[in-house]
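Working notes for the structure below.
Please treat every number below as a calculation from the coordinates, not as lab data. Since the model is a prediction, treat every value here as computed from it, not as a measurement. All Cβ positions, even for glycine, are placed from backbone atoms using ideal geometry, and neighbour counts span all protein chains on display.
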Amino acid sequence: MKESVIDRVKSDLIKKIVSGEMAIGDAVLSERKLSDKYCVSYMTARKAVFELVEEGYLRKESTRGTFVANRWGGKNLSDCPVKPIIMLIMSDLISHLSHRTIGWLERIARKNNFQLMVCNSELNVTCEAMHLEQAMLMSVAGVIISPCYPPINHQALEKLLSKGTPVVQIDKYFTDLDAASVSCDNYDAAFSVVQYLHKLGHRRIAHITSNNSLRNISSINERFEGYCDALRKYGLEYREEYIQELTKTCVHTTMDDLQLQYLGYREMSNLLKLAEPPSAVFLLFDEIAVGAMRAIADYGLKVPEDISVVGINNSDISSWTDPPLTTMAQPIQELAIHAVSIIADHINGNPKPPDRIRLKAQLIVRESCKLYDREKFISGAVGK
């Protein structure tokens, strides 16, 4: 009977801790006050507190009292009383890339004895801030975040880190945040695209990129820099008119709300109207290909006979376009393994200094590129 009373006290306290009602660092009522609150003896309350300290939910400080502990810190995962929760905060859940990222993270997290809690920010920084606040209240084991618009919410992440919660940034990252990040080597991916097109004989290579207002976002900026540096490397001319920017409406809209048939249509049309149109176009991400290829068709041209197109991400849509899109595949499985391992190492008492891990993308050759037909360009058959 006495044991069941202890379990009742423990169960209620654990429920408050797991729900976030009692957060890391919060003071716990004295054992005398706990006995009054739960209508149990002082020894029962004391026993319940002792067991919760042993299980890692509470910690005692000899001169200050008892406090809610970071129950994951320094414990081997196999010894945890419940599976630790990793909160995954995605900027948008609807894209094909997000689907694959979540799938791999869940598999790897489960394999490592974690539970994965998925949150959708819907490209809304206020919603993202709410998720970060909830992570603080819930005392989660760690946070993996694909942020909406760094540097917004920098302070919220710093606050989480100051509490000892490990944070891993994926895809995009805060350049001045002392936290780990795991992402595709976007610079190398873009550089490799230009290198590939150059080998096919293309010398007029355009880039459809983000609106300039978001050029400071790490993934977008690194792809742009990789494109520019590859042009210089191979002695190709950088032309302002070959840089076409998506509208603010496009880049601030979730994938679920985009009208894909128009995404990239205007930008590709602008390129085709130039006196010297490009022979190849590098897209910031695969979904742009839908509107871009539609513009090419409406202009009376064909992919790849008249113009080559390359994307990045290897989204599902890249195999559905007509023709299927050549693209750079991000190493999602490898990203998931690294991200979860960083949190597991922290919990197991082996934290490593924050690092920016760059993973190589892989070129997936499909049917949207071909050798440059110089005679066709000279004859004026393209762009007229």
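FRET efficiency for the pair LYS60 and ARG232, taken as 1/(1 + (r/R0)^6) with r the Cβ-Cβ distance and R0 = 56 Å, rounds to 0.35. 3J(HN,Hα) along the stretch 164-174: x, 7, x, 10, 10, 8, 10, 6, 9, 8, 7 Hz, from the Karplus curve 6.51 cos²θ - 1.76 cosθ + 1.60 with θ = phi - 60°, whole Hz, x for Gly and Pro. In terms of the mean number of neighbouring beta-carbon atoms within 10 Å, the peptides 40-49, 355-364, 144-153 order highest first as 144-153, 40-49, 355-364.
Could you pull out the pairs from LYS60/LYS352; LYS111/LYS172; LYS47/LYS83; LYS83/LYS111; LYS10/LYS37 whose alpha carbons sit more than 18 Å apart here? Don't jump to the answer; show the numbers that get you there.
Working: LYS60/LYS352 27 Å; LYS111/LYS172 25 Å; LYS47/LYS83 24 Å; LYS83/LYS111 11 Å; LYS10/LYS37 13 Å.
Flagged as over cut-off: LYS60/LYS352; LYS111/LYS172; LYS47/LYS83.
A viscosity of 0.890 mPa s and a temperature of 25 °C, combined with the Kirkwood radius over C-alpha pairs in the Stokes-Einstein formula, give the chain a diffusion coefficient of 106 µm²/s. Simple rule: put +1 on each Lys or Arg Cβ and -1 on each Asp or Glu Cβ in the stretch 2-68, find the dipole, and look at TYR57, VAL9, SER30; the Cα lying farthest toward the positive end is SER30. At R0 = 25 Å, how high is the FRET efficiency between ASP176 and ARG215 if r is their beta carbon distance? Nearest 0.05 is fine. Once the sixth-power term is evaluated, E becomes 0.90.
Counting only GluC sites (Glu not before Pro) that sit in a DSSP loop (anything but H, G, I, E, B) with at most 14 other Cβ atoms within 10 Å, what is the longest stretch of the chain containing none of them? With GluC sites (Glu not before Pro) excluded where exposed in loops, the chain gives 22-236 as its longest stretch. Angle of helix 125-138 to the longest C-alpha principal axis of the chain, folded into 0 to 90 degrees and rounded to 10: 30°. Between GLY311 and LEU283, THR326, THR327, MET328, the built amide H atoms are under 5 Å apart, and every one of these is 5 or more places off in sequence or on another chain. From the alpha carbon centroid of the stretch 204-224 to that of the stretch 325-376 is 18 Å. Residue order for TYR238, TYR38, fewest other beta carbons within 10 angstrom first, comes to TYR238, TYR38. Label sites at GLU240 and GLN362, each approximated as a point 7 angstrom past Cα along Cα to Cβ, lie 4.1 nm apart.
Excluding same-chain neighbours fewer than eight residues apart, the aspartates and glutamates reachable from LYS159 by a Cα-Cα span under 13 Å are GLU133, ASP178.
Divide by every residue of the chain the summed helix terms, -39500 (n - 2.57) for each DSSP H run of at least 4, and state the resulting mean residue ellipticity at 222 nm, rounded to the nearest 500 deg cm²/dmol. It would help to have the intermediate numbers written out before the result.
Numbers: 13 runs with 152 residues, N = 384.
Helices in the chain give a 222 nm mean residue ellipticity of -12000 deg cm²/dmol.
The long axis of helix 42-54 is offset from the longest Cα principal axis of the chain by roughly 30 degrees. Only beta bridges with both residues in the chain are counted; by DSSP, about 20 percent of them are antiparallel.
For the stretch 171-214, the Kirkwood estimate of hydrodynamic radius, built from reciprocal distances between every pair of different alpha carbons, is 13.1 Å. Maximal additional length on extending the ASP7-GLU334 stretch stands at 113.5 nm, based on 0.36 nm per residue less the C-alpha distance.
Annotation: aspartates and glutamates with alpha-carbon distance below 20 angstrom to LYS33 (same-chain offsets under eight excluded): GLU3, ASP7, ASP12, GLU21, GLU51, GLU61. Net charge dipole, the stretch 2-68: roughly 180 debye, given to the nearest 20, about the Cα centre with Cβ charges of +1 for Lys and Arg and -1 for Asp and Glu. Taken about its Cα centre, the chain carries a charge dipole of about 840 debye when Lys and Arg each add +1 at the Cβ and Asp and Glu each add -1 at the Cβ.
The relative contact order of the chain comes to 16 percent, based on Cα pairs under 8 Å that sit 6 or more residues apart.
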